[in-house]
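Comments concern the structure below.
Computed from the coordinates by the stated procedures, all read-outs in this text should not be read as laboratory data. The model shown is predicted, which means the values in this text are computed figures rather than measured ones. As a convention, Cβ positions derive from the backbone with ideal geometry for all residues, glycine included, and neighbour counts pool all protein chains shown.
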Amino acid sequence: MILLTDEEVIELTDRKKRESQRKVLNELSIPFRIRPDGSLVILRAAMEVALGHEEKNKRSASPKMRL
């Protein structure tokens, strides 16, 4: 499980305040959780899926026909 760092959250949201970061994440449909201290927990994989990123190493489920 790989989480975004605080610096990456700031870069992603372009916001430093946590409340503002939460608003941006909600607008981008990126799922997150809030820790008891108020910091945000964001899985890198969830962020990539929400932003439409596909893994380059992911293989297709069906075989490809090669001619």
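Taken over segment 1-47, the residue count meeting the criterion of being small (Gly, Ala, Ser) and more than 12 Å from the chain's Cα centre (by Cα) is 3. All conditions in (1) in a loop (DSSP other than H, G, I, E, B); (2) surrounded by 15 or more Cβ atoms within 10 Å (Cβ to Cβ) hold for residue 53, with the sole exception of (2).
Kindly list, by first and then second residue, each pair from a residue in segment 13-33 that is at positive phi to a residue that is of a type outside the set (Val, Ile, Thr) and surrounded by 13 or more Cβ atoms within 10 Å (Cβ to Cβ), limited to pairs with Cβ atoms under 8 Å and residues at least 6 apart or on different chains. From segment 13-33, the pairs are 29/50.
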